[in-house]
1. Go ahead and run the numbers for FRET between A:Glu170 and A:Asn191, Cβ-Cβ distance against an R0 of 22 Å, rounding to 0.05.
2. Write out the GluC sites (Glu not before Pro) in segment A:51-150 meeting two conditions: DSSP loop, and at most 12 other Cβ atoms within 10 Å of their Cβ.
3. A plus B alone minus the pair: what accessible area, both sides summed, probe 1.4 Å, in Å² to 100?
4. State the extension gain, in nm to one decimal, for the chain segment bounded by B:Ser122 and B:Asn33, taking 0.36 nm per residue of separation less the distance between their alpha-carbons.
5. For label points placed 7 Å from Cα toward Cβ, what is the shortest-first list of nm distances from B:Asn49 to its copies?
6. Of the chymotrypsin sites (Phe, Trp or Tyr not before Pro) in segment B:125-179, which ones lie in a loop per DSSP and count no more than 15 other C-beta atoms within 10 Å?
7. Cross-link partners among lysines for B:Lys21, C-alpha distance below 26 Å, same-chain residues fewer than 8 apart left out?
8. Using a/c under 1.5 as the rounded threshold, could you call chain A rounded, prolate or oblate? The axes a ≥ b ≥ c are square roots of the C-alpha gyration tensor eigenvalues, and prolate needs a/b larger than b/c, oblate otherwise.
Protein chains: 2
Amino acid sequence: MKVFVIGAHGNVGRLVVSQLKMAGHEVTAGIRNPEQKSDFEEDGIKTANVDLLGKPESLAVSLDEFDAVVFTAGSGGKTGDDMTLLIDLDGAVKSMQAAEIAGVKRYVMVSAMFAEDRNRWSETIKPYYVAKFYADEWLRYRTNLDYTILEPGALTFDEGTGKINTDGIEGGAIAREDVASAVVASLALPNTIKKTIPMVNGTTGIKDALSAF
Amino acid sequence: MKVFVIGAHGNVGRLVVSQLKMAGHEVTAGIRNPEQKSDFEEDGIKTANVDLLGKPESLAVSLDEFDAVVFTAGSGGKTGDDMTLLIDLDGAVKSMQAAEIAGVKRYVMVSAMFAEDRNRWSETIKPYYVAKFYADEWLRYRTNLDYTILEPGALTFDEGTGKINTDGIEGGAIAREDVASAVVASLALPNTIKKTIPMVNGTTGIKDALSAF
């Protein structure tokens, strides 16, 4: 599959790119800063500049002929930062519009656990949740994309366990490596289309958990 | 008509409240800060506390048995302020959800000129436009409210002229007093339901301009 990763240089994005490559996909790393180019090219991975502050039409040109888009860009979720609105919300929506303009149907969004439930938003990074909520809602109700929304719990730098829990009842932690594995697995599982999938550390293999969701 | 004004103590809100009263409506001033209460009560206007950071269900209790809601609250549109996300976007959407829970059908939103067109957003207050855009889109596509979205140009403290231009071609200024008159006029004009109406200073009487829109 030809996959374009938006936010490829981020902490989740880099793992998504390398795991997609390992899984045999043809991956392009969408990056914000041209200086990040060399980090990918030394591994033989193509890059493309992505300006989420620009027009969807410009981004669409880069997405032409891809089979799937993965959105894992993030402003960092800092409070008091306009980038939450401009990247996590409007930037995300622009990437959806760009995918639709380019005719790319499959779209995997890396969101955040409980983003769909205002009553469970973390108080400390509430603006980030507001942005994720409205971006995810746009994806669900305002696009015709074959989306999957992955909602990981608190992200860690731990080594992946390959096992998750998707019941969505309790919050919890999850290794970024496992989130990246879930992105890759979901691309191969059509049953994950139009689904919002919460995930924390657990006891079920990622592929099995997603196949059964 | 029984009208609830959210953001009643704001620069537009105060004018909306007094003009609604003059037009014979039964108006309640929804305020954030209980200290603002006396400013209305000395004019014989009822007040109700509105917490746009709280739950829609709580706000809905205050809206019970009203005929219309006017939303003219604003965080001030400052950049680098989380209130843009929390008030102008999520607070606005909560007020729509509250109106729906309470069974209030009519909803007038005071938005901003060109909010629906990302290419015309002012660079200096872009985050404010992002928030207004997604709030307005929710109103249009995610509610069943009988909404009117008024999109004034740059707000001034000038005396109202009673005349506007609604062609939406060029930006421009408009007195807050005229915006308030447009809010009051639109409540009496069912043809403004499901419409987004740009407005700047002009040459057509407000009621005529809105009737013809």
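1. 0.40
2. Of the GluC sites (Glu not before Pro), the ones in loops of segment A:51-150 whose Cβ has at most 12 other Cβ atoms within 10 Å are A:Glu65, A:Glu123.
3. When A and B are taken together, about 2300 Å² of accessible area is lost.
4. 29.0 nm
5. 5.2
6. For chymotrypsin sites (Phe, Trp or Tyr not before Pro) across segment B:125-179 that sit outside H, G, I, E and B with at most 15 neighbouring Cβ atoms in 10 Å, the list reads B:Phe157.
7. Those lysines meeting the cut-off are B:Lys2, B:Lys37, B:Lys46, B:Lys94, B:Lys105, B:Lys163, B:Lys194, B:Lys195, B:Lys207.
8. rounded
The values are calculated or read from the model by the stated rules, or taken from the named source; none is laboratory data. Not measured: the values here are computed from a predicted model. Note that each Cβ is placed from the backbone with ideal geometry, even for glycine, and that neighbours are counted across all protein chains shown. Side chains included, ligands, DNA and RNA excluded: accessible areas come from the protein's heavy atoms. Shrake-Rupley method; radii C 1.70, N 1.55, O 1.52, S 1.80 Å.
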